[in-house]
Amino acid sequence: MRQALKSDAPLIVYVDIKSPYAFVAIRPTLALEAELGLQFDWRPLTLDIPSYLGSAEKKKGKVVASKGRSQRTWNAIRYSYRDARRYAERQGLILKGTEKIWDSTLPNIGILWVMQTARARLGAYFEAVYPPFWRRELDIEDIAVVENCLNEAGVDASGFAAFASGEGRTRHDALQPQFHPNGIYGVPTYVLGDDILFGREHIPYIRWVLSGRVGDAPDIAYEIA
Amino acid sequence: MLTVYLDFKSPAAYLAMTPTLALADRLGLATTWKPFRTVERDVPKLGKEETVGESHRRVRAASQRALAIKYAKQQGIDLTFPEKLGASDLALGVLTTIEGDPLPFIQGAFDAYWRDHADLDDLQIVQDLVHKTGTQMSAKLSRSRDLLDAAQDQAEEAGIVGAPAYVIAEQIFVGREHLPWIEEIASTL
């Protein structure tokens with residue numbers, strides 16, 4: 001049950017394609033990886049959003065169905081989207097609120113596939129999936145769409161369908177129940193030794209640790225380019 | 001002009017004080033301090049049977065506390081949470097009535113809550129705090145709760161959803177992690 005925290009890499013990074021927080025964390029985390037000359041252990045955490053935030057469905061930008069969400073929850077969600085959007089725009093990205101809560105299992109299994117078969121193409125895979133998904137251009141529940149993203153990223157997708165319904169699915173599903181017992185609840189989560197850090201605001205601290213703890217430890221911050 | 005919304009019982013607001021004051025000093029930024037009543041929750045006990053949502057909330061609350069303690073240590077603060085989370089309404093209401101520099105009261109209230117675990121909704125405790133910090137108020141302490149309610153409504157209407165929240169150049173930022181962007185905006189004003 002401790003596999004969720006174990007890795008030979010210096011840092012484990014948990015992400016989910018359908019999370020706007022993870023979306024705006026991808027490029028800064030990839031940049032940190034390149035800056036430090038390290039390879040992080042990227043893994044999928046497929047969020048079960050309705051279990052803790054209620055659910056909602058939108059059509060043409062308007063909420064047409066909502067369950068289990070108070071006004072306060074709605075305000076917080078709206079702020080979170082606005083916040084993620086402005087940081088996405090700073091990265092030259094577009095972030096449109098999703099119209100339903102997507103099942104991101106397939107593209108998340110895609111992360112495992114890329115890590116296993118074409119590690120060097122991981123950044124390209126994220127670029128092939130994340131930005132178009134957040135422009136509402138991808139049906140990530142369609143395996144052909146995910147295969148297309150893999151191909152676009154220069155990753156051989158032959159065998160992915162079998163992986164997604166076999167070994168990949170098993171590995172993905174085995175990870176999910178390990179999160180809460182190990183103190184992990186959202187994305188992006190960074191596992192750095194004994195530290196479990198939720199949110200990209202910890203990137204300055206992670207850099208400080210992985211580059212030798214020189215000077216005072218930094219506070220949390222969303223770094224801006 | 002920077003407006004900062006805070007709640008004395010919010011660990012995030014407490015830990016934001018030093019970096020926020022440093023930023024304001026560095027840029028010579030005029031700062032207005034306003035109250036915002038946050039919802040702080042105890043870490044739920046592990047139940048025999050938990051839904052996924054209950055488990056998520058418990059793990060999230062425990063994680064947030066652990067991270068607050070971790071970063072507090074970096075500021076030289078030994079952050080301990082009160083056994084039972086108190087209220088801060090009365091002291092927050094005072095913040096709407098302060099004439100002159102509010103910082104001695106703000107610092108005093110944060111210290112009272114986080115070092116002494118004082119009940120900042122207790123009339124005697126808040127009265128003592130007002131005297132101790134030499135705070136001048138434009139309204140009676142008995143009106144504080146009503147004034148807080150009005151301020152809370154205004155803040156929520158303005159789109160504030162938590163504390164610390166910062167308003168600068170009509171943008172709202174919740175959390176001190178946004179200070180780099182806030183500094184960037186402030187530098188251009």
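Number of residues in the stretch A:25-41 that are buried (at least 18 other Cβ atoms within 10 Å of the Cβ) and either without any contact (Cβ under 8 Å) to a residue 40 or more places away in the chain or under 16 Å from residue A:176 (Cβ atoms) (or both): the value is 2.
Within the stretch B:103-129, being over 18 Å from residue B:15 (Cβ atoms) and surrounded by fewer than 21 Cβ atoms within 10 Å (Cβ to Cβ) holds for B:104, B:119, B:121, B:122, B:123, B:124, B:125, B:127, B:128. The combined condition, being under 16 Å from residue A:46 (Cβ atoms), surrounded by fewer than 23 Cβ atoms within 10 Å (Cβ to Cβ), touching a residue at least 12 places away in the same chain (Cβ under 8 Å) and over 16 Å from the mean Cα position of the chain (by Cα), is not fulfilled by residue A:206.
Name the one entry in B:21, B:29 that is assigned to a helix (DSSP H, G or I) and within 20 Å of residue B:180 (Cβ to Cβ). Can you show your working first?
Details: B:29 fails: assigned to a helix (DSSP H, G or I).
Result of the check over B:21, B:29: B:21.
Here residue B:22 passes the criteria (1) in contact with a helix residue (DSSP H, G or I) (Cβ under 8 Å, 6 or more places away or on another chain); (2) of a type in the set (A, V, I, L, M, F, W, C); (3) assigned by TED's automatic domain parsing to the domain that holds residue B:153 except the one numbered (1). Counting only residues that are more than 14 Å from the chain's Cα centre (by Cα), part of a helix (DSSP H, G or I) and not hydroxyl-bearing (Ser, Thr, Tyr), the stretch A:125-166 holds 16 of them.
Within the stretch A:63-102, the set of residues being modelled with pLDDT of 95 or more and acidic (Asp, Glu) comprises A:83, A:89.
Go through the stretch A:99-124 and count every residue that is part of a loop (DSSP other than H, G, I, E, B), crowded, with 18+ Cβ neighbours inside 10 Å and of a type outside the set (A, V, I, L, M, F, W, C). Give the steps one after another, and end with the answer.
Step one: filter the stretch A:99-124 for residues part of a loop (DSSP other than H, G, I, E, B), giving A:99-104, A:118.
Next cut, crowded, with 18+ Cβ neighbours inside 10 Å only: A:102, A:104.
In the following step, the residues that additionally are of a type outside the set (A, V, I, L, M, F, W, C) were identified as A:104.
Within the stretch A:99-124, residues that are part of a loop (DSSP other than H, G, I, E, B), crowded, with 18+ Cβ neighbours inside 10 Å and of a type outside the set (A, V, I, L, M, F, W, C) number 1.
Filter the stretch B:156-166 for residues that are in contact (Cβ under 8 Å) with a residue 12 or more places away in the chain and farther than 11 Å from residue B:16 by Cα; which is farthest from the other protein chains (Cβ to nearest Cβ)? Don't jump to the end; show me each part of the working.
Start the filter on the stretch B:156-166 by keeping residues that are in contact (Cβ under 8 Å) with a residue 12 or more places away in the chain, which leaves B:158-166.
Adding the requirement that they be farther than 11 Å from residue B:16 by Cα leaves B:158-162.
On the way: B:158: 11, B:159: 7, B:160: 9, B:161: 5, B:162: 7 Å.
Within the stretch B:156-166, the match that is farthest from the other protein chains (Cβ to nearest Cβ) is B:158.
Taking every residue in the stretch B:167-179 that is farther than 13 Å from residue A:84 by Cα and more than 8 Å from chain A (Cβ to nearest Cβ) and pairing it with any residue that is of a type in the set (Ser, Thr, Tyr) and surrounded by 20 or more Cβ atoms within 10 Å (Cβ to Cβ), at least 6 positions away or on another chain, the pairs with Cβ-Cβ distances below 8 Å are B:167/B:5. Among the residues of the stretch B:43-60, the one identified as more than 8 Å from chain A (Cβ to nearest Cβ), under 21 Å from residue A:46 (Cα atoms) and assigned to a loop (DSSP other than H, G, I, E, B) is B:50. In the stretch B:134-155, the residue that is nearest to residue A:219 (Cα to Cα) out of those that are within 14 Å of chain A (Cβ to nearest Cβ) and touching a residue at least 40 places away in the same chain (Cβ under 8 Å) is B:155.
Let's see how each residue does on (1) within 30 Å of residue A:184 (Cα to Cα); (2) under 17 Å from the mean Cα position of the chain (by Cα); (3) at pLDDT 95 or above:
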position	(1), (2), (3)
B:55	yes, no, no
B:64	yes, yes, yes
B:78	yes, no, yes
B:85	yes, yes, no
B:92	no, yes, yes
B:96	no, yes, yes
B:106	no, yes, yes
B:114	yes, yes, yes
B:120	no, yes, yes
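Picking from A:197, A:175, which residue would you name as being outside any loop (DSSP other than H, G, I, E, B) and within 14 Å of chain B (Cβ to nearest Cβ)?
Details: A:175 fails: within 14 Å of chain B (Cβ to nearest Cβ).
Unique residue meeting the criteria: A:197.
The values are calculated or read from the model by the stated rules, or taken from the named source; none is laboratory data. The model shown is predicted, which means the values in this text are computed figures rather than measured ones. For neighbour counting, all protein chains shown are included, and Cβ atoms are generated from backbone atoms with ideal geometry for every residue, glycine included.
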